[in-house]
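The values are calculated or read from the model by the stated rules, or taken from the named source; none is laboratory data. What you are looking at is a predicted structure, and each value in this text was computed from that prediction instead of being measured. Cβ placement follows ideal geometry from the backbone for every residue including glycine, while neighbour counts extend to all protein chains displayed. For the accessible areas, the whole protein counts, side chains as well, though only heavy atoms, and no ligand, DNA or RNA atoms are used. Shrake-Rupley method; radii C 1.70, N 1.55, O 1.52, S 1.80 Å.
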Amino acid sequence: ERPLRLLAIECLRRTAQLEHVPWLIHMLNDADEEIACAAAEALAELSRKYDTLGFSRQATPRERDVAINQWKAWFRGIRPDVDLDTLQLDGKR
């Protein structure tokens with residue numbers, strides 16, 4: 001399952017489509033640190049910020065929460081119509 005999630009993140013990154021950002025933000029909460037960090041790196045590239053907004057392997061849980069909220073705020077700034085808080089992986093709301 002882990003290689004599939006990493007592959008999914010890589011595919012989303014390569015598409016360079018902003019509609020995939022909510023899925024990447026969702027993956028920042030993954031319990032697997034490698035998955036969460038790969039999602040942060042993909043977001044940095046897609047946003048062209050080239051900064052993970054403090055999301056890193058060394059970050060505390062609080063620092064990660066702050067970074068996730070910053071990613072949500074960034075995306076809401078460009079796509080205010082997307083509800084990032086009720087995102088469901090099965091596509092249902």
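Considering only S47, L4, I25, whose Cα is most displaced toward the positive end of the charge dipole of the chain, charges sitting on Cβ of Lys, Arg (+1) and Asp, Glu (-1)?
Ranked along the dipole, the leading option is S47.
Which loop trypsin sites (Lys or Arg not before Pro) in segment 23-81, with loop taken from DSSP, have no more than 16 other Cβ atoms within 10 angstrom of their Cβ?
R48, K49, R57
Just to be sure I understand, if you calculate log10 I(q)/I(0) by the Debye sum over Cα atoms at q = 0.13, 0.23 Å⁻¹ for this structure, which of (1) -0.42, -1.13; (2) -0.38, -1.29; (3) -0.55, -1.22 do you get?
Evaluating log10 I(q)/I(0) by the Debye sum over Cα atoms at q = 0.13, 0.23 Å⁻¹ on these atoms matches (2).
Just to make sure I understand: if all protein chains stay in place, what is the order of L18, L4 by accessible area at 1.4 Å, largest first?
Largest accessible area first, the list is L4, L18.
What chymotrypsin sites (Phe, Trp or Tyr not before Pro) in segment 12-93 are in a loop by DSSP, with at most 13 other Cβ atoms within 10 Å of the Cβ?
Hits after loop and neighbour filter: Y50.
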